[in-house]
Amino acid sequence: MSENDESPGWPAKAHDPEAQAAKAGEEAHSGLELRLEAARLRLAALGEKSYPVMVCSECAQVTGWLSADGLCDSCLRRAQLKAAYQDPHGGFVVLDDGRPVRRGGHPAHHGPGALARLLGGHAVRDRAVADEWLSRVDPDTTGPIDPEDGFELEVAHRDQVVAADGMGTLIRFRTAAHRFVAGAWVELDTTTIAHDSLLVPAEHSGGLPTEQLVAAWLDYKQAVDAVNRERWTKESASREAERAAREAREEAMREQLGAADLLDEGGL
C-alpha cells in the first residue's frame, strides 16, 4: 500500500503510521512500533465484534487467528520455513506457502443462464446475460446499469486450509478481480486489493461458532463492496465528465460548421 492509498473503512489517522512504517522497514523496531500503532487505530475503528480480532506480534497484522506464540498464519509459516532451512539435520524442505487451492483453473462463471444462452432465442439469451451481470453488480452502485464487456470488479472468496500449527483449520478470505466477458464473469489471477488494505481481518479459526464465521464473512464482503462502490463512484463521475466534454465538442463543431459560408467572397 502506497502513502497515498486510502482503504474504505480505514481510520484516516492510521495511514500516517502505516506509511512511516513502510519507510522504516518491516523488520526495524521503529517500523514495528508504527505498525502496532496503526493496528491499534484499526482495532478502535472496527469496534466490538462477535468474532475474535487480534494483532500479530511479528508483523502487526490485524487478524482473527493467532498461534500460541502470538503469530499470524503467514508469520508462523515463514518461521517454520526458516527453521526448516536452518536445521542441520533436516531433510527435504517442502515449500508450502499455504495458498488456497484453485479448482480447475479459472473458467467462466457458468450460472443457470449458460444453457439458456446456448439454446434460447435472443430474448432468453439477453435475459440470461442480464441475470449473470446482476449476480455480481449492483447497478449504478458498484458498476454500470447494463452489462458491459470488459468491465472488472473485485469479488470476495473464502477458502479453508490446515492451520500452520496443525491445530485445526483456518478459514481465509481473499479477493479476486472478475471480468465480464461474452456474457459471463471470469475470475482473473490477480486482485487490485492488497491483503492488508481492508479494515476487517481475513483469517479465522475454523473452530469458531457458525454465527461468528458468518458475521466475519459478511463484514469482509461488505468491505469489498465498499471498494467497488468507491471505485464505481469515481469511474462514473469520470465517464459523465467525458460524455459532457464530448457533447460540448460536438456542439461546438455543429455551431462552427458552415461559418465560412457566411463570409462574402465578393469584392466591396
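The values are calculated or read from the model by the stated rules, or taken from the named source; none is laboratory data. What you see is a predicted model, and the numbers here were worked out from it, not measured in a lab. Ideal geometry is used to build each Cβ from the backbone, glycine not excepted, and the neighbour counts take in all protein chains shown.
Of the residues making up segment 158-187, those that are in contact (Cβ under 8 Å) with a residue 40 or more places away in the chain and under 12 Å from the mean Cα position of the chain (by Cα) are 173, 174, 175, 178.
Evaluation of residue 218 against the conditions (1) under 23 Å from residue 59 (Cα atoms); (2) assigned to a helix (DSSP H, G or I); (3) of a type outside the set (Asp, Glu) shows that the sole unmet condition is (1).
Only residues that are surrounded by 13 or more Cβ atoms within 10 Å (Cβ to Cβ) and either among the β-branched types (Val, Ile, Thr) or at positive phi (or both) were counted across segment 144-165, and they come to 3.
Residue by residue, here is whether (1) modelled with pLDDT of 90 or more; (2) within 21 Å of residue 174 (Cα to Cα); (3) part of a helix (DSSP H, G or I); (4) not polar (S, T, N, Q) holds:
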{"residue": "49", "(1), (2), (3), (4)": "yes, yes, no, yes"}
{"residue": "60", "(1), (2), (3), (4)": "no, yes, no, yes"}
{"residue": "67", "(1), (2), (3), (4)": "yes, yes, no, no"}
{"residue": "71", "(1), (2), (3), (4)": "yes, yes, no, yes"}
{"residue": "78", "(1), (2), (3), (4)": "no, yes, yes, yes"}
{"residue": "83", "(1), (2), (3), (4)": "no, no, yes, yes"}
{"residue": "90", "(1), (2), (3), (4)": "no, no, no, yes"}
{"residue": "93", "(1), (2), (3), (4)": "no, no, no, yes"}
{"residue": "96", "(1), (2), (3), (4)": "no, yes, no, yes"}
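For segment 166-186, filtered to residues that are aromatic (Phe, Trp, Tyr) and touching a strand residue (DSSP E or B) at 6+ places or on another chain (Cβ under 7 Å), the residue that is surrounded by the fewest Cβ atoms within 10 Å (Cβ to Cβ) is 185. Number of residues in segment 200-215 that are in a helix (DSSP H, G or I) and exposed (fewer than 13 other Cβ atoms within 10 Å of the Cβ) equals 2.
Taken over segment 131-183, the criterion of being more than 30 Å from residue 81 (Cβ to Cβ) and charged (D, E, K, R) is satisfied by 131, 132, 136, 138, 140, 146, 148, 149, 152, 179.
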